[in-house]
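Reviewing the structure listed below.
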Amino acid sequence: MLYLDHASTAPPIPDALEAFVRATREAYANPGSLHALGAQAMRALETARSDLRRAFGARQYRVVLTATGTEANDLGIRGMARSVRASVERASGKPPRILVSSIEHPCSLQPAQALADEGFVVDVLEPDAAGVVRPDSLCTALDEDVALVSLHWANNELGSLLPITELVQVTRAHAPHAIFHTDAVQAAGKRTESFDSLGADSIAIAAHKFGGVRGCAALFLRDNAADPQPLSLGGGHESGLRAGTENVMGAVAMAKAATIRRERLTEDPQRNFSRRAHLLNAIRAASPDCIVVGPQNENDCLGPILSVAFPGMIAETLLHALEAEGIACGSGSACSSHGHTESVILRAINLPQELRNSVLRFSLDGTENQEDLDSVGAALSVALARLT
């Protein structure tokens with residue numbers, strides 16, 4: 001089976017899995033324990049943090065370990081908004097506002113919307129047809145009463161890439177008291193830009209999206225940014241920001257995976273784009289009337305994600321037909337794909353109604369060869385012939 005659903009979850013990189021097993025044997029003790037084995041676990045944990053900062057170019061950040069990207073986003077949104085609420089109210093004399101796009105992952109959109117129950121005003125920004133929120137669009141919504149801006153770096157369904165550096169700069173200029181949070185779960189390990197160059201106050205990642213193991217994630221907090229209010233209580237772990245015994249093994253594996261991803265991108269910065277282009281050519285050869293959904297310009301594109309509409313086809317039916325030919329791909333977000341509601345993201349970019357249930361998402365690892373990608377076109381030809 002050729003696995004092309006890495007946007008949903010990536011299989012563990014073998015070296016990361018080995019690091020996990022080694023840490024399970026050698027750093028199994030509680031890092032909070034005072035004995036030598038506890039100290040050994042703590043050293044492994046702190047080394048993992050340092051390796052993560054190095055791999056993501058995050059010298060200006062500290063790392064708060066969480067269990068999932070969902071938790072990291074929640075801490076970066078509700079936790080950060082609550083921490084600056086009083087100062088924003090004093091400065092503006094107005095109820096604090098939250099700005100979030102309509103195509104955020106639910107683990108970002110729902111925490112933002114939940115803040116409305118606490119007296120925040122939640123304003124939703126719409127993207128353009130490529131699935132991108134532009135700086136000019138954000139600028140018109142900014143003012144001194146904005147407490148938090150939450151915009152993802154890359155969209156999980158479309159592969160659209162937001163210009164986070166520019167969006168942060170606009171926020172700093174027009175909403176001086178605001179926190180800028182970005183959900184980098186889809187982009188981390190797949191882009192060459194450093195976290196330092198983004199400049200966001202908080203950045204969420206999840207290990208399983210780039211070859212670590214599930215059950216470990218992190219929130220990067222910029223030095224001198226406000227501390228989020230903790231969402232979980234029960235211990236002083238993670239400098240009091242996240243209660244719970246640290247997942248040393250998961251952190252070690254996450255750091256190893258991040259390091260390997262950085263090395264791959266350094267060796268070949270275009271590895272994802274070149275494979276995406278080859279895959280698109282193979283798909284178009286098999287289905288000339290297919291339609292690329294989302295960004296068309298490489299500057300707006302994450303790289304590994306390619307979403308394609310197949311007119312007249314039902315996405316789920318075609319997905320299973322491809323699976324029968326040895327190709328595993330996705331249909332929208334795996335977090336909501338088992339429901340029966342229309343994709344909010346496809347509606348937000350005004351994709352024609354008749355195409356919204358015909359979209360498949362192919363998401364790459366960056367290690368596929370040309371034979372792998374050509375096999376998608378061959379499988380698609382067989383699947384379409386069977387279904388038409």
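Numbers below:
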quantity: Neighbour-limited loop hits for trypsin sites (Lys or Arg not before Pro), the range 25-99 (at most 12 other Cβ within 10 Å; DSSP other than H, G, I, E, B); calculated: Arg59
quantity: Potential extension, His174-Arg25 segment - 0.36 nm per residue separation minus Cα distance; calculated: 48.5 nm
quantity: For Asp372, net neighbour charge (Lys/Arg +1, Asp/Glu -1) across residues whose Cβ lies under 11 Å away; calculated: -3
quantity: Footprinting exposure proxy for Phe273, Phe195 (fewest neighbouring C-beta atoms within 10 Å first); calculated: Phe273, Phe195
quantity: Ascending count of other beta-carbon atoms within 10 Å, so fewest first, for His6, His181; calculated: His6, His181
quantity: Dipole magnitude of the chain about its Cα centre (Cβ charges: Lys, Arg +1; Asp, Glu -1), debye to nearest 20; calculated: 800 debye
quantity: Considering only the range 14-264, percent of DSSP beta bridges that pair antiparallel, nearest 5; calculated: 45 percent
quantity: Mean separation of Cα contacts under 8 Å, 6 or more apart, over the residue count of the chain: relative contact order %; calculated: 24 percent
quantity: For the range 23-74, with +1 on Lys and Arg beta carbons and -1 on Asp and Glu, the positive-most of Leu34, Ala58, Ala23 along the dipole; calculated: Ala58
quantity: Candidate lysines for bridging to Lys209, where Cα separation is under 21 Å - those fewer than 8 sequence places away on the same chain excluded; calculated: Lys190, Lys256
quantity: Per-residue Cβ neighbour rank within 10 angstrom, fewest leading, Glu157, Glu316; calculated: Glu316, Glu157
quantity: Alpha-carbon centroids, the range 269-301 and the range 339-388: separation in whole Å; calculated: 11 Å
quantity: Peptide ranges 207-217, 352-362, 369-379, 252-262 listed from the most packed, as the mean C-beta count within 10 angstrom indicates; calculated: 252-262, 207-217, 352-362, 369-379
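Each value in this text was obtained by applying a stated rule to the coordinates, not by laboratory testing. This structure is a prediction, so every number in the text was calculated from the model and none was measured. Glycine gets a Cβ as well: all are built from the backbone with ideal geometry, and neighbour counts include every protein chain shown.
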